Amino acid sequence: MKTGTKLGILALVVAVSCTAAWNYHIGQVDIPENRALFVAAFLTAVALGVAAFVKGSGWIGGVAAVPAILIGLFFPFTMAISRQEVASDAIRVGDTIPRFTCVDGRGEPFDSETLRGHPVLIKFFRAHW
């Protein structure tokens with residue numbers, strides 16, 4: 001097996017592993033404040049993917065390197081264009097829920113006042129980068 005093919009496969013493994021780890025953190029609502037390790041890992045996948053083409057890979061290495069490069073560039077790019085900062089007045093664990101009204105998933109009106117006196121978990125999701 002050519003060195004470039006091995007590098008392409010390794011690049012894809014790194015990119016997919018980092019994506020899986022990132023998605024795990026999203027699912028746990030535990031996105032790390034310092035994302036440098038993730039950025040470094042994704043950029044490593046890009047470097048390995050490019051190295052696969054430079055070293056000369058077979059078709060399997062090339063097929064693996066292309067998505068590794070795309071995945072590895074996607075995360076740092078989206079972080080660069082969309083800074084996600086925690087507001088100083090953000091709701092924290094244990095805080096009292098602010099009063100709001102909205103329409104639920106069935107199109108029915110909802111008032112947060114109906115939750116008063118009950119423990120509630122509210123999960124807001126706005127992407128992760």
*Filtering region 50-99 down to residues that are among the small types (G, A, S), in contact (Cβ under 8 Å) with a residue 40 or more places away in the chain and assigned to a loop (DSSP other than H, G, I, E, B), which residue is surrounded by the most Cβ atoms within 10 Å (Cβ to Cβ)?*
S57
*Do we have any residue at all in region 70-78 that's farther than 30 Å from A11 by Cβ and aliphatic (A, V, I, L, M)?*
no
*Mind listing whichever residues of region 23-49 are polar (S, T, N, Q) and surrounded by 11 or more Cβ atoms within 10 Å (Cβ to Cβ)?*
N23, T44
*Within region 33-75, how many residues are under 12 Å from the mean Cα position of the chain (by Cα) and more than 16 Å from S17 (Cβ to Cβ)?*
0
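Laboratory data are not the source of any read-out in this text; all were calculated from the coordinates shown. All figures in this text were calculated on a predicted structure; none of them were measured in a lab. Because the Cβ atoms are built from the backbone with ideal geometry, glycine has one as well, and the counts that use them run over all protein chains shown.
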